[in-house]
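S.K.: Dumping the structure here so I can ask a few things about it.
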Amino acid sequence: MQMNLANKITIMRILMIPVFLLLLYVDFPFHEFIAAIIFIAAASTDSLDGYIARKLNQVTNFGKFMDPLADKLLVTSALVVLVEMGKVPALAAIVIISREFIITGFRVLAASEGLVLAASQWGKIKTVTQIVAIIALLINNFPFRYIGVPFDMIALYVSVITTLISGYDYISKNKELLKK
């Protein structure tokens with residue numbers, strides 16, 4: 001395994017997850033806001049590690065495997081805790097997490113055939129909408145709560161819709177894998 005800069009950033013994102021979760025569970029002033037900052041920092045490393053890997057020609061099999069896994073761990077962890085906190089309906093979390101399992105299964109199937117399935121534009125939109133929704137939920141809909149706009153819930157349902165669209169897009173573009 002090559003521990004280049006891009007891979008170290010991916011590992012750092014994974015190590016930030018327990019810190020993020022601890023901050024959500026330990027009750028002190030502004031703990032959810034600080035947890036949101038950690039979440040934002042962790043989510044921001046996704047683009048950074050990919051950029052560095054491509055720019056410095058540091059793309060590795062470890063990175064190809066761990067980068068999407070780190071993203072899924074971060075989003076899944078946040079969603080599960082937000083369900084527990086009563087901020088996210090379980091069905092919304094189930095839809096998002098199920099899509100991730102299904103697409104991961106497709107990627108494993110593709111890998112067994114020697115194929116690498118790249119993320120689509122819908123997949124990237126899905127990721128952004130999920131991150132925006134999670135951040136809005138973590139910061140208790142600030143500042144929108146002051147004007148009575150449920151932006152956090154709107155963002156959550158937009159992310160559920162883009163999750164479903166991206167899942168359909170991914171499966172429809174790669175359905176030949178199911179025929180093998």
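The values are calculated or read from the model by the stated rules, or taken from the named source; none is laboratory data. Not measured: the values here are computed from a predicted model. Positions of Cβ are backbone-derived with ideal geometry, glycine not excepted, and every protein chain shown enters the neighbour counts.
S.K.: For residue 93, are the conditions met, namely being without any contact (Cβ under 8 Å) to a residue 24 or more places away in the chain, part of a helix (DSSP H, G or I) and farther than 24 Å from residue 20 by Cα?
M.R.: No, not satisfied.
S.K.: Something else about it: Among the residues of region 1-21, write down those that are surrounded by fewer than 16 Cβ atoms within 10 Å (Cβ to Cβ), touching an Asp or Glu at 6+ places or on another chain (Cβ under 9 Å) and over 12 Å from residue 43 (Cα atoms).
M.R.: 5, 8
S.K.: Moving on to the next point. Name the pairs whose Cβ atoms lie under 8 Å apart, with the first residue in region 49-64 and part of a helix (DSSP H, G or I), the second of a type in the set (A, V, I, L, M) and at pLDDT below 90, and 6 or more positions between them or separate chains?
M.R.: Short answer, once both residue conditions are applied: 53/59; 62/1; 63/53; 64/116.
S.K.: Which condition number in (1) in contact (Cβ under 8 Å) with a residue 12 or more places away in the chain; (2) closer than 26 Å to residue 20 by Cβ is the one that residue 101 fails?
M.R.: (1)
S.K.: Among the listed residues 166, 159, which satisfies the condition of being over 14 Å from residue 78 (Cβ atoms), part of a helix (DSSP H, G or I) and either under 16 Å from the mean Cα position of the chain (by Cα) or polar (S, T, N, Q) (or both)? Explain how you work it out, then say what you get.
M.R.: Numbers: 159 fails: over 14 Å from residue 78 (Cβ atoms).
Only one candidate qualifies: 166.
S.K.: Quick test of your reading of the structure: residue 117 fulfils all but one of (1) under 28 Å from residue 154 (Cα atoms); (2) surrounded by 15 or more Cβ atoms within 10 Å (Cβ to Cβ); (3) not hydroxyl-bearing (Ser, Thr, Tyr). Name the failing condition by number.
M.R.: (1)
S.K.: When residue 116 is evaluated against the numbered criteria (1) farther than 15 Å from residue 172 by Cβ; (2) assigned to a helix (DSSP H, G or I); (3) over 17 Å from the mean Cα position of the chain (by Cα), which criterion, by number, is the only one it fails?
M.R.: (2)
S.K.: Here is a further query. Of all residues in region 49-80, which are closer than 19 Å to residue 160 by Cα and either surrounded by 19 or more Cβ atoms within 10 Å (Cβ to Cβ) or of a type in the set (Gly, Ala, Ser) (or both)? Can you show your working first?
M.R.: To start, the set of residues in region 49-80 that are closer than 19 Å to residue 160 by Cα comprises 68, 71-80.
Residues satisfying the conditions are 68, 71, 74, 75, 77, 78, 79.
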